[in-house]
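The structure under discussion appears below in the form of structure tokens.
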Amino acid sequence: MLPSATFIAVADTFTYELNGSYAESNGGPSLVPYGGTLTPNGYNFGINEGLSLSGTGAFDVYSVDIHFYFDNQRIV
């Protein structure tokens, strides 16, 4: 389960809460699913499934900050 992710690209920041929607929190481009299941609590995916992001303009350099939660403990 992936409750939230932040993608930073070309000085733009995109935040995806993944709490029932693939939408970006501030009106940016939405994530596109390739398999997996979006639930009210996050995104569940298996082998060869995941999310895609496009429409961000120049996307040459980026960072991904992912927070995972196991048994109600936050692991960064």
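The values are calculated or read from the model by the stated rules, or taken from the named source; none is laboratory data. Computed from a predicted model, the values in this text were never measured in an experiment. Note that each Cβ is placed from the backbone with ideal geometry, even for glycine, and that neighbours are counted across all protein chains shown.
Tabulated values for the structure
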item	result
Subset tally (residues that are in a loop (DSSP other than H, G, I, E, B) and at pLDDT 85 or above) for region 8-19	2
Output for region 25-76, where each listed residue is modelled with pLDDT under 85, surrounded by fewer than 10 Cβ atoms within 10 Å (Cβ to Cβ), more than 18 Å from PHE14 (Cα to Cα) and of a type outside the set (A, V, I, L, M, F, W, C)	PRO40, ASP71, ASN72, GLN73, ARG74
